[in-house]
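First comes the structure, then the notes that go with it.
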Amino acid sequence: MDKKLIDLFIKNAIAEDVGDGDHTSLSTIPQGTQGKAKLIVKEKGILAGVELALEIFNQIDPTLEVTTFLHDGQEVNVGDIAFNVQGSTHAILLAERLVLNCMQRMSGIATKTNRIVKSLAGYNTKVLDTRKTTPGLRYLEKWAVRIGGGVNHRIGLYDMILIKDNHVDYAGGIANAIHQANAYLKDTGKQLQIEIEVRNIQELEEVLAIGKVDRIMLDNFELHLLKQAVALINGKFITEASGGIVEENVAEYAACGVDYISMGALTHSVKSLDLSLKAF
């Protein structure tokens, strides 16, 4: 966990929610009131966000006491209790929605990712996320992918060179894009992997003739062409399939022999897991 980044996220999220005060709690519950609450699982899945919840409670009120029963990455069932929290009722109520929003979304992502990872058992293919994340929540969403057993692709624009179709078109072609990327790394001294997206066998053959990349993304390839592309690459470069890949067909793509499959659906259209924080 990146503590500095998480602390900033929590601070901003609380400021967005509380404004000049939680006037419902302030008006209905006397100051100093103590209470207890429990995090109840209401849907089967993979739990994620417990470690984050502990940070949220601590930042809102370090005197809150949390007893944890379940941890990130565990399979959960309806009725399971993830943790109990006790202390200031005002603090518990202030933390409630932020904890639930984060844990529900993270658990939904972890659950979907885990289903896909399990469906690829027997293949040597790993599942990658993408940059198709919610602005401001990328770190949490990619954290949830890891909890579910997936692998993070690049975190942002800064930790890999990924030459996509628009870059190729703007650079004046595949050869220009690859040569300019390598020159940039040499000039700046940066140690970054280079990946290039290809859209057909002709573009792949051009990349293979040039080399000077680490990974080739095979975008929107039909299955028979994907098998052909993997055979042409023949282990010389890391391979990644992307485009139009969903939970229902992911195993068919893995069977083509690619090293990675990237899926925007892990984060951009996931269903949150149903959780509830209830007083007791």
#### Entry: Subset of region 94-151 that is among the basic types (Lys, Arg) and in contact with an Asp or Glu (Cβ under 8 Å, 6 or more places away or on another chain) - its residue that is farthest from MET217 (Cα to Cα)
ARG97
### Task
Any residue in region 110-127 that's over 22 Å from THR239 (Cα atoms): show its pairings with residues that are basic (Lys, Arg) and outside any helix (DSSP H, G or I) at Cβ separation under 9 Å, as long as the two are six or more apart or on different chains.
THR111/LYS44; THR111/LYS271; LYS112/LYS271
### Query
Taking the condition open to solvent by less than 50 Å² (accessible area, probe 1.4 Å), at pLDDT 95 or above and of a type in the set (S, T, N, Q), does ASN114 pass?
yes
## Note on the structure
Subset of region 204-251, residues on the phi > 0 side of the Ramachandran plot and polar (S, T, N, Q), comes to ASN220, ASN234
### Query
For region 79-92, does any single residue satisfy the condition of being assigned to a loop (DSSP other than H, G, I, E, B) and either open to solvent by 10 Å² or more (accessible area, probe 1.4 Å) or not hydroxyl-bearing (Ser, Thr, Tyr) (or both)?
yes
### Selected residue [under 23 Å from GLU141 (Cα atoms) and charged (D, E, K, R)] from GLU247, GLU203, GLU197, GLU252
GLU247
### Query
Among the residues of region 187-202, is there at least one that is free of Cβ contacts under 8 Å to residues at least 40 places away in the same chain, surrounded by fewer than 19 Cβ atoms within 10 Å (Cβ to Cβ) and closer than 23 Å to GLU51 by Cβ?
no
### Query
Mind checking which residues of region 239-270 are under 15 Å from ILE216 (Cα atoms), among the acidic types (Asp, Glu) and open to solvent by 30 Å² or more (accessible area, probe 1.4 Å)?
ASP259
#### Entry: Count of residues meeting criterion [touching a Gly at 6+ places or on another chain (Cβ under 9 Å), of a type outside the set (Val, Ile, Thr) and open to solvent by 10 Å² or more (accessible area, probe 1.4 Å)] in region 117-130
4
### Message
Any residue that is open to solvent by less than 50 Å² (accessible area, probe 1.4 Å), farther than 24 Å from LYS112 by Cβ, without any contact (Cβ under 8 Å) to a residue 60 or more places away in the chain and assigned to a loop (DSSP other than H, G, I, E, B) - is there at least one of those in region 45-67?
### Response
yes
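The values are calculated or read from the model by the stated rules, or taken from the named source; none is laboratory data. Not measured: the values here are computed from a predicted model. Virtual Cβ from ideal backbone geometry, glycine too; neighbours counted across all protein chains shown. Just the protein is used for accessible areas: all its heavy atoms, side chains included, with ligands, DNA and RNA removed. Shrake-Rupley method; radii C 1.70, N 1.55, O 1.52, S 1.80 Å.
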